[in-house]
Amino acid sequence: MRATNRMSVPSLELKAGRDRSLRRRHPWVFSGAIEKVRGAPKSGDTVQVRASDGKFLAWAAYSPASQIRARVWSFDEDQPPGEGLFAERISAALELRRALIPTRATNALRLIHGESDGLPGFVADSYAGVLVVQVLSAGCERWRDALLGIVHEKSGCSAIYERSDTEARELEGLTPRSGRLAGSMPDGPVRIVENGIEYEVDVIAGQKTGFYLDQRDNRSRVQRVAEGREALNCFSYTGGFALAAISGGARSVLSIDSSGAALECGQRNLALNRFDAKRAQWLEADVFDALRKLRSDGRQFDLIVLDPPKFAPTPKDTERAARGYKDINLNALRLLRRGGLLATFSCSGGVSRELFRKIVAGAAADAGASLVLRAQLDAAPDHPLLMEFPEGEYLKGFLLERR
Ligand code: SAH
């Protein structure tokens, strides 16, 4: 965009005093902070955000359907959105992954992680050369061709598949969208290798973009502590933690999930790695019920993983979510032997690490268990965390040992 036509760019003028978070480089403008919309921006249009005194704060994408009324592209007046900015952001994101994640660790990576990589609402995961993208904001939808073209070229991936079928897209007033965008897809699932373990990933119909890449390092940690243990893997999906535990020498692993398709994939993954099928059991059930049943059956374990789905997508669900976390952590601790390990997670944006820690401490108190904190756990480094964007810290966990 040339300086000459900037005057015609629509703008959002903030209420007095509501410029603070933008000055701290937080990338969201909430509807309640806006005093006036100048011009007639449509969904996805580029707007300038200005303070009440007219000072430039940011370039942003307008999203009239969402409470997050605008998402910042850039805090620099000389850097409006466009191919130049996107190319720079995408290169920086790829460079960060190259620097932080050794290629021998995996061939499945999150290359672009939305706000945390300066591209709000854009996600790109690479699974053994197949790029799976999510275009989740009005601004990214507007610029989709540029974004997809640049990430396709710079990632070196052969095929691109779109999985913009999440609720986040609906909140932006966009309809779900998925399908092949470029290249040829493999027949059947994509095969990836993570920490020496092979997994089938169904990028077309699997959850998220096919695999929970954010748990990579935590699966590796479970692999390292599993030796000789009898393990219980709750919310197993396609068996990520189960295979990690078995390859780490667990005696047995019982995996529970409500999705039969995910469990079947877990069994195929076990066979793919030629692990002894007798060491793994798979149970299609609701974890809340299954934990109670295991207790009434007198079962005990010495390694338990709790990796539930988001119970609280937003802060308004926090209380109900807290009850859910308390319940599963309490009932899991009742099954944990002394000396046993609990790896417990929350991926709820609406539950802070502090709150999650209090919930788990409360569950331990009710179970009469003393727990040593062996490690704080978080998302793998291809899900970077920006200090100015605490909302990015959605995944938190603890590795605890029962005394
Ligand atoms: N640990 C997995 C990811 C877990 S995702 C990995 O490393 O790959 C959460 C899983 O919980 C999903 O597979 C979903 O099917 C399952 N799930 C959701 N609610 C459930 C419930 N009440 N009981 C059992 N499984 C449930």
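The values are calculated or read from the model by the stated rules, or taken from the named source; none is laboratory data. Please read all numbers here as calculations on a predicted model, not as lab measurements. Here the Cβ is made from the backbone with ideal geometry for all residues, glycine too, and neighbour counts use every protein chain on show. The area values use the complete protein model at the heavy-atom level, side chains included, leaving out ligands, DNA and RNA. Shrake-Rupley method; radii C 1.70, N 1.55, O 1.52, S 1.80 Å.
Data table
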quantity	calculated
Listed residues S8, S220 arranged by accessible area, highest first, probe 1.4 Å	S8, S220
Using θ = phi - 60° and Karplus 6.51 cos²θ - 1.76 cosθ + 1.60, couplings along region 387-401 (whole Hz; Gly, Pro as x)	4, 7, 10, x, 4, x, 8, 7, 9, 9, x, 9, 9, 10, 10
Surface share of carbon and sulfur [accessible, 1.4 angstrom probe, percent] for region 146-206	46
Modelled label reach - A261, point 7 Å along Cα→Cβ, region 154-177 residues with backbone N closer than 16 Å	162-167, 177
Within straight-line cross-link reach of K55, lysines at Cα separation under 18 Å, skipping those fewer than 8 residues along the same chain	K15, K36
In Å, descending, principal axis extents of the Cα set of region 112-237	53, 31, 25
20 Å cut-off, amide nitrogen to a point 7 angstrom out along Q281 Cα→Cβ, residues in region 219-234	226-234
By accessible area with a 1.4 Å probe, ligands and nucleic acids excluded, highest first: order of K154, K316	K316, K154
Under-5 Å amide H pairs with L181, H placed in peptide plane, nonlocal only	I160, Y161, E162
Separation in nanometres of the label points that stand 7 Å from Cα toward Cβ, at R299 and R98	4.7
Between region 288-355 and region 72-108, the Cα center-to-center distance that results, in Å	35
Spin-label model distance (nm) - A205 vs K358, 7 Å beyond Cα toward Cβ	4.3
Relative contact order for region 102-254, counting Cα pairs under 8 Å that sit 6 or more residues apart, in percent	17
Estimated dipole of region 255-403 in Debye, rounded to 20 [Cβ of Lys and Arg +1, of Asp and Glu -1, Cα centre]	700
Fraction of antiparallel bridges per DSSP, the chain only, in percent to nearest 5	65
Nearest 10 degrees, 0 to 90: helix 287-296 Cα axis against the chain principal axis	20
Loop sites in region 320-388: trypsin sites (Lys or Arg not before Pro), DSSP, at most 14 other Cβ within 10 Å	none
Cα-based reach from K278 at 28 Å (exclusive), listing lysines while leaving out same-chain residues under 8 positions away	K293
Residue-level accessible surface for S31, protein heavy atoms, 1.4 Å, Å²	30
Helix axis angle, 216-225 relative to the chain longest principal axis, alpha carbon, degrees	20
Sparse-neighbourhood loop sites, GluC sites (Glu not before Pro) in region 334-392 - DSSP loop, at most 14 other Cβ within 10 angstrom	E388
Label point at T318 placed 7 Å out along Cα→Cβ; residues across region 331-371 whose backbone nitrogen lies under 17 Å	346-362
From phi via Karplus (6.51, -1.76, 1.60), per-residue ³J(HN,Hα) for region 353-365 in Hz, x at Gly/Pro	4, 4, 5, 4, 5, 5, 4, 5, 4, x, 5, 5, 4
Inter-label distance for V372 and K154, nm, one decimal - labels placed 7 Å from Cα along Cα-to-Cβ	4.5
Rh by Kirkwood over Cα pairs, then Stokes-Einstein D for the chain at 1.002 mPa s and 20 °C, µm²/s	95
Cross-link reach list, lysines versus K396, counting only Cα pairs under 27 Å and skipping chain neighbours closer than eight places	K208, K310, K316, K326, K358
Cα long-axis angle, helix 83-100 against the chain (0 to 90 degrees, to the nearest 10)	30
Placed amide H near A108: partners under 5 Å, 5+ positions off or other chain	A128, V193
Rg in Å to one decimal, and Dmax rounded to a whole Å, for region 294-386 via C-alpha atoms	13.7, 46
Portion, in percent, of the accessible area of region 309-396 that falls on carbon or sulfur, probe 1.4 Å	54
